[in-house]
Ligand SMILES: [Zn+2]
């Protein structure tokens with residue numbers, strides 16, 4: 001039996017498969033638990049995988065400057 005299988009088509013390269021990261025702020029809530037900030041990856045929007053598509057290439061038109 002294989003221990004590790006790779007069912008996901010492509011792992012998000014931005015978060016490397018960890019779309020949601022909990023950051024401990026150190027602040028204690030009243031109920032005793034620690035307050036954490038949950039940051040969701042912008043690349044995959046919390047899915048952890050990227051759709052089977054080529055990376056979006058930004059087409060920069062010549063002369064487009066602020
Ligand atoms: Zn991601």
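Brief remarks on what is shown
- Number of positions in the stretch 13-62 that are in a loop (DSSP other than H, G, I, E, B), in contact with a strand residue (DSSP E or B) (Cβ under 8 Å, 6 or more places away or on another chain) and modelled with pLDDT of 90 or more: 6
- Among residues of the stretch 12-27 that are within 9 Å of the ligand (Cβ to nearest atom), those with a beta-carbon under 8 Å from a residue that is part of a loop (DSSP other than H, G, I, E, B) and at pLDDT below 90 at least six positions away or on a different chain give the pairs 12/50; 13/50; 17/8.
The values are calculated or read from the model by the stated rules, or taken from the named source; none is laboratory data. Note that the structure is a prediction, hence the values are computed from the model and not measured. When we count neighbours, we look across all protein chains shown, and the Cβ atoms used for this are built from the backbone with ideal geometry, even at glycine.
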